[in-house]
Amino acid sequence: MRGAKLWKANAAVATICLFLTPGGLCPSGQTNNALAAELTKRIFPYTDNSVYEIICQPFKIVDLRLQPGEEIQALTAGDTERWKIGQATATDAGGVDRTHVLVKPVLEGIETNMVIITNRRTYTVNMKAVSPSVFRFDPVVEWSYEGSDNIMLIVPPKRQVPPPSVTPKEVESIVDEKLADVPGSPLSAVKELDKTNEALDFDYSIKPDGSYRWTPLHVFDDGLKTYILMPISVRSDEAPALFMVRNKKLTLVNYRIRGRWYIADRIMDRARLVIRDHDNIQKVEIVRHNRTSWWRKILPFV
């Protein structure tokens with residue numbers, strides 16, 4: 001009897017190994033390699049009032065790619081403490097911007113929802129974080145749209161926006177030039193611009209809670225957007241997420257990363273850059289000073 005049970009157990013293990021080996025067949029009749037290839041990208045047919053379920057895993061990023069040329073007007077999620085959500089914009093060879101929403105849970109077994117409102121449609125997404133042992137993960141998510149053979153629809157040309165008097169690219173080039181001549185002193189180059197352009201406000205303080213290689217070098221705004229300059233030494237795998245702080249709570253803010261610049265589409269009195277690696281949290285506070293405060297009226301030269 002004991003030998004029969006042992007034989008059955010070995011047969012069950014052999015059957016499981018057959019399905020899990022690279023050449024074995026999955027229950028659907030596909031090979032594991034074919035199934036893995038399908039799971040590298042998930043494409044939903046877009047329909048109004050639909051809820052899209054996305055499977056995530058702890059500390060793995062899911063890239064939600066919107067339609068080329070689509071712009072986010074509002075983004076909100078139910079749980080922003082255990083789910084890290086950010087935005088990035090990439091420009092293709094044709095000069096068309098494509099928005100990416102990046103999602104990362106910090107625990108398994110948690111669930112939340114997210115609503116993305118764009119200039120074209122509304123996406124309602126339900127996100128679940130499963131154990132890494134579960135053979136299911138959606139690293140890339142895209143949508144297909146009715147009337148298009150694929151997701152790359154014809155996009156109208158980008159709006160022509162008058163360039164600002166001082167662009168981030170110009171500031172970056174000046175900073176880099178100064179870095180070559182005076183190592184470790186890029187701020188003097190940026191501050192020189194404040195003397196010739198009254199629209200730029202450099203009155204920000206940067207308060208890291210530790211010594212990080214990604215601590216911003218400088219922050220300023222042009223009255224509409226906030227620009228954060230990161231050091232040259234920062235690595236792409238340690239780029240922090242940017243949040244606005246309101247009533248002592250972290251709030252999502254629409255921003256993009258261009259080279260060494262974080263560009264937020266609004267003025268923020270208080271912001272926070274955060275990197276979380278398991279239980280280790282690194283953060284840098286950014287505070288905008290109020291130029292209309294009473295002590296600035298008395299001492300305007302400060």
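Couplings 3J(HN,Hα) of region 116-131, computed from phi: 10, 10, 10, 6, 10, 6, 10, 10, 10, 10, 10, 10, 10, 9, 10, 5 Hz, in residue order, whole Hz [Karplus 6.51 cos²θ - 1.76 cosθ + 1.60, θ = phi - 60°; x for Gly and Pro].
In this structure, the pairs whose alpha-carbon distance is over 25 Å, taken from Lys128/Lys248; Lys207/Lys249; Lys84/Lys248, are Lys128/Lys248.
Taking θ as phi - 60° and the Karplus parameters 6.51, -1.76 and 1.60, the scalar couplings of region 56-70 work out to 10, 9, x, 6, 10, 8, 9, 9, 8, 9, 7, 5, x, x, 7 Hz in sequence order, x denoting glycine and proline. Considering only Thr112, Ser133, Tyr123, and ranking their Cα positions along the charge dipole of region 110-149 that arises from unit charges at the beta-carbon of Lys, Arg, Asp and Glu, the one farthest toward the positive end is Thr112.
Under the simplified labelling scheme, the Arg258-Lys41 pair shows an inter-label distance of 2.7 nm, with each label point 7 Å from Cα along Cα→Cβ.
In this structure, the amide hydrogen of Asp203, modeled 1.01 Å from its nitrogen in the peptide plane, lies closer than 5 angstrom to no residue at least 5 positions away or on a different chain.
Sequentially through region 89-97, phi angles give Karplus couplings (6.51, -1.76, 1.60; θ = phi - 60°) of 10, 10, 9, 7, 5, x, x, 9, 7 Hz, Gly and Pro residues having no value and appearing as x. Taking each residue as 0.36 nm, the span from Glu71 to Ile275 lengthens on full extension beyond its C-alpha to C-alpha distance by 70.9 nm.
No value in this document is a laboratory result; all are computed from the given coordinates. On a predicted model such as this, the values are computed, not experimentally measured, just so you know. Ideal geometry is used to build each Cβ from the backbone, glycine not excepted, and the neighbour counts take in all protein chains shown.
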